[in-house]
Amino acid sequence: MTPQSNRTPPAPPTGLTASAVSAPPRPPTSLTARMVLRTSIACAAVFLLAGLVLGLWLRYAFRSEFDRALLAKAQAVCALMEEDSNTIKFEDEPETLAPFGDASRREFYQVWDHAGRVMARSPSLHGADLPRAQPAPPRPAYADVTLPNGRRGRTVTLPHTPRPEEDRPGFKPQPITLVVAGATRNMAENLSETLWLTFWVFAVSTLASAVIVGWAAATGLRPVRALADRIAATGESNLSDRFDPDNLPAELRPVADRLNELLARIESALAREKSFTADVAHELRTPISGLETALEVCAAKPRSPDEYRTTIDRCLSTVRSTHELIDNLLLLARADARQLSPNLRPVELEPLLRQCWQPLESRAAARGLTVNWDLPPNLTIESDPALLSLVLRNVLDNAVTYADVAGSVEISAHAHSDRCEIVILNTGCSLTPAEAAHLFDRFWRADPSRSATGTHAGLGLSLCQKIMPLLQGTIDAAIEPSGTFSVTIRSPGRASGAPTSFEPTSAESNVLSSC
């Protein structure tokens, strides 16, 4: 029987809550859905604004039409009026006065004289009074009122002077005030029906717009899906294929251009990686094969102590060269991964240069090289002494190795404003301008006779080019037609000040030991 475990489940990482750890990933949002949703919201907002404007305009139009009809009825009533001894009479016009009867009770009129005495009212009022403006307006005036029957209505107040009765010559009628009212229920119902119809038209239009936009988006995004399928089909075997921007919409052409540039960079990086792997394998295979051969020959039969010593020295030299190659590869890897953290500080240049030259002095003398120094005193630079020493030793070693026998090496430095320029020059260079373009490529060599495989792997200048930007400087190489090869190192510096001699720390000593 297996015992139960009492261990508690592991806690979530520091800084993350349990809900954050267990929260499910958000589902991807469709671009088509976004376009449809946002277009629908935009259409709804536009239709809503248009509906508000249309509603206000319809209300104004309905009311204006109602007021014109009300004024026409008031003028028709005025046309039938006659005054006789402060009494208002109407000509017999049943069609004009019929709406003011008792049956419908939707239209009303009332007449006052200038003193406010009621002179006439419609039968539909049943003795009630209509609201009257005080004082009487000089022109037709409209107002919203509550009618005597309790319904909402609208009135027009019209000043008028009736004509005298025909059998009263010389009688001068007095001005009167006529108020004609009508119920607005029918107008309100018609306006409401029109607004609802407008609302449904706009609602259906919004839905139709969403459907049309969805169809248009699905159709318009076909090139995007086709491009995505083409990207998904791109692999290591067909990195050389490129996207044709001419067959894509104008909006996708910049995407295709950037993808082509990305594919070119990826293809170039893979090619460099393959070449780098092959070069590393070749550079490591050669010294290991040499070690294997030397040891096999040494073990084939008993030999004298001197012969064993010679073989051991040769193997030790090969191991040291291989160790240097591996160290350079590690430094390049750290530089590529941005794991080198320079410690910039003032360093006096001349002692540093002479210290880097000291291990090469015997080799230079053996090859009969003439060394010329041109270093101003108290020239101080701002740099990391360990990393800069690595750069200087690689450049100096390159100059001693590839200078012609009995040639010369020149080491000079000059201060320019806040920059320091170090120039290391050697004679006897046979590179062409086309070959010079590859000087900073990893594992590049002009020909096998220029550098021995396993001894100089072609990583020195590549490593220098990676390190100098970390030191806020640059490195360049130039070849003169006369066969002079020069490397120029530019770094922050000054010509005077309190110089600081180079005393490496333990960490810097580890870096220098790998040079």
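The values are calculated or read from the model by the stated rules, or taken from the named source; none is laboratory data. Small disclaimer: the values here were computed from a predicted structure and weren't measured. Here the Cβ positions follow ideal geometry from the backbone for every residue, glycine too, while neighbour counts run over all protein chains shown.
List of remarks:
- Extreme residue, modelled with the lowest pLDDT, among residues of segment 403-431 that are of a type in the set (S, T, N, Q) and either under 20 Å from residue 346 (Cα atoms) or not in a strand (DSSP E or B) (or both): 430
- Considering 47, 62, the condition of being under 16 Å from residue 153 (Cα atoms), in a helix (DSSP H, G or I) and in contact with a helix residue (DSSP H, G or I) (Cβ under 7 Å, 6 or more places away or on another chain) is satisfied by 62 alone.
- Subset tally (residues that are touching a residue at least 60 places away in the same chain (Cβ under 8 Å) and closer than 27 Å to residue 266 by Cβ) for segment 199-223: 1
- Some residue of segment 91-109 being surrounded by 11 or more Cβ atoms within 10 Å (Cβ to Cβ), among the polar types (S, T, N, Q) and at pLDDT below 80: yes
- The lone criterion from (1) more than 24 Å from residue 32 (Cβ to Cβ); (2) touching a Leu at 6+ places or on another chain (Cβ under 7 Å) left unmet by residue 260 is number (2).
- Residue 222, sole failed condition from (1) at pLDDT below 85; (2) surrounded by 15 or more Cβ atoms within 10 Å (Cβ to Cβ); (3) closer than 30 Å to residue 35 by Cα: (2)
Rundown of residues vs (1) over 25 Å from residue 473 (Cα atoms); (2) aromatic (Phe, Trp, Tyr); (3) at pLDDT below 85, yes/no style:
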site	(1), (2), (3)
245	yes, no, yes
249	yes, no, yes
252	yes, no, yes
275	yes, no, yes
289	yes, no, yes
318	yes, no, yes
330	no, no, yes
357	no, yes, no
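- Scanning segment 316-329 turns up one or more residues that are under 42 Å from the mean Cα position of the chain (by Cα), surrounded by fewer than 18 Cβ atoms within 10 Å (Cβ to Cβ), outside any loop (DSSP other than H, G, I, E, B) and not β-branched (Val, Ile, Thr).
- Residue 402 being surrounded by 18 or more Cβ atoms within 10 Å (Cβ to Cβ), of a type in the set (Phe, Trp, Tyr) and farther than 18 Å from residue 474 by Cα: yes
- Contact annotation: residue pairs with Cβ atoms under 9 Å, 6 or more positions apart or on different chains, pairing a residue in segment 126-149 that is closer than 18 Å to residue 67 by Cα with a partner that is surrounded by fewer than 12 Cβ atoms within 10 Å (Cβ to Cβ) and modelled with pLDDT of 80 or more, are 131/146; 132/116.
- Residue in segment 272-286 that is of a type in the set (Gly, Ala, Ser), over 30 Å from residue 38 (Cβ atoms), touching a residue at least 12 places away in the same chain (Cβ under 8 Å) and part of a helix (DSSP H, G or I) present: yes
- Residue list for segment 260-276, filter: surrounded by 13 or more Cβ atoms within 10 Å (Cβ to Cβ) and acidic (Asp, Glu): 267
Yes/no matrix, rows are residues, columns are (1) farther than 30 Å from residue 414 by Cβ; (2) touching a strand residue (DSSP E or B) at 6+ places or on another chain (Cβ under 8 Å):
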residue: 305; (1), (2): yes, no
residue: 308; (1), (2): yes, no
residue: 315; (1), (2): yes, no
residue: 323; (1), (2): yes, no
residue: 343; (1), (2): no, no
residue: 367; (1), (2): no, no
residue: 373; (1), (2): no, yes
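- The single residue among 229, 257 that is over 30 Å from residue 147 (Cβ atoms) and surrounded by fewer than 12 Cβ atoms within 10 Å (Cβ to Cβ) turns out to be 229.
- Output for segment 170-216, where each listed residue is outside any helix (DSSP H, G or I) and surrounded by 14 or more Cβ atoms within 10 Å (Cβ to Cβ): 173, 176, 177, 178, 179, 180, 181, 182, 183, 184
- Meets criteria (loosely packed, with under 15 Cβ neighbours inside 10 Å, within 30 Å of residue 179 (Cβ to Cβ), in the same structural domain as residue 158 (by TED's automatic domain parsing) and among the charged types (D, E, K, R)) for residue 63: no
- Candidates are the residues of segment 227-244 that are in a loop (DSSP other than H, G, I, E, B) and within 11 Å of residue 256 (Cα to Cα); the one that is nearest to the chain's Cα centre (by Cα) is 243.
- Set 361, 307, 296: member being free of Cβ contacts under 8 Å to residues at least 12 places away in the same chain and closer than 30 Å to residue 490 by Cα: 361
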